[in-house]
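Since the structure comes first, as structure tokens, the remarks are kept for the end.
The values are calculated or read from the model by the stated rules, or taken from the named source; none is laboratory data. Since this is a predicted model, take the numbers as computed values, not measurements. So basically every Cβ, Gly included, is an ideal-geometry build from the backbone, and we count neighbours across all protein chains shown. Calculation scope for accessible area: heavy atoms of the full protein, side chains included, ligands and nucleic acids excluded. Shrake-Rupley method; radii C 1.70, N 1.55, O 1.52, S 1.80 Å.
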Amino acid sequence: MQATIPRQVITGAVVPHSAVVSAVLVVGFALLTAAAAQVAIPLGFTPVPITGQTFAVLLAGAALGSTHGAASQLLYVALGAVGLPFFAEGTGGWSVVAGATGGYLVGFVVAAWVIGYLAEHKQDRNVVGAVSTFLTGSVIIYAVGVPWLYFAVDAIETGDQAIAAGLLPFIAGDVTKVGLAALVLPTAWRAVDRVRR
């Protein structure tokens with residue numbers, strides 16, 4: 001892992017450039033994801049709840065870059081896997097990672113890396129680029145999570161059922177999260193640019 005957060009991403013542009021600060025930010029975003037997981041709304045027809053996790057994942061990738069963003073989510077998954085109550089609704093343990101929602105957790109790591117890579121290439125500097133970046137990350141999460149759900153849950157017997165249980169109920173919320181993240185990052189960059197000038 002790189003010792004420091006890349007200067008092309010927002011945290012690298014505004015915080016001291018050191019390995020210690022980078023480690024603190026990785027841990028901080030892992031804990032932010034854990035906190036966001038506790039904002040959970042269970043849905044009776046699917047084992048996948050509505051949570052705030054994906055918003056934290058979007059921010060982690062964009063704020064930390066590819067390597068550190070993915071590391072923050074890998075740390076989040078690892079801490080939950082060893083039993084800390086970091087997953088949705090205060091759950092934890094390897095059974096959650098291996099269970100119905102495990103694919104989304106794996107998707108968080110991949111999505112944070114891709115979002116971070118795009119942010120390192122300045123795709124988060126304006127609203128259009130940020131929307132595209134965060135939508136890409138969201139698609140990755142579902143591209144891993146929905147097939148995993150299909151194979152992990154015996155009651156889900158078709159691809160259509162997996163999409164109905166693992167994607168469709170979350171589209172409106174994720175569009176909102178993408179929109180919020182796409183406003184936050186360009187706004188933060190404009191503030192940084194003003195300070196630099």
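General observations
- Residues satisfying the stated conditions in segment 21-47, i.e. part of a loop (DSSP other than H, G, I, E, B), under 17 Å from Ala100 (Cα atoms) and open to solvent by 50 Å² or more (accessible area, probe 1.4 Å): Pro42, Gly44, Phe45, Pro47
- Flag if Ala71 is farther than 27 Å from Ile171 by Cβ and within 12 Å of the chain's Cα centre (by Cα): yes
- Test: residue in segment 47-54 that is over 12 Å from the mean Cα position of the chain (by Cα), closer than 20 Å to Phe134 by Cα and touching a residue at least 60 places away in the same chain (Cβ under 8 Å): yes
Yes or no, residue by residue, for (1) out of contact with any strand residue (DSSP E or B) (no Cβ under 9 Å at 6 or more places or on another chain); (2) without any contact (Cβ under 8 Å) to a residue 60 or more places away in the chain:
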{"site": "Ser72", "(1), (2)": "yes, yes"}
{"site": "Val82", "(1), (2)": "yes, yes"}
{"site": "Gly90", "(1), (2)": "no, yes"}
{"site": "Leu118", "(1), (2)": "yes, yes"}
{"site": "Asp124", "(1), (2)": "yes, no"}
{"site": "Gly137", "(1), (2)": "yes, no"}
{"site": "Val153", "(1), (2)": "yes, no"}
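- A single member of Thr67, Thr51, Thr133 is among the β-branched types (Val, Ile, Thr), touching an Asp or Glu at 6+ places or on another chain (Cβ under 8 Å) and either open to solvent by 10 Å² or more (accessible area, probe 1.4 Å) or under 28 Å from Pro6 (Cβ atoms) (or both), and it is Thr133.
- Within segment 77-130, the set of residues being of a type in the set (Asp, Glu) and surrounded by fewer than 18 Cβ atoms within 10 Å (Cβ to Cβ) comprises Glu89 only.
- Checked against (1) open to solvent by 70 Å² or more (accessible area, probe 1.4 Å); (2) at pLDDT below 95; (3) closer than 24 Å to Ala62 by Cα, Val139 passes all but condition (2).
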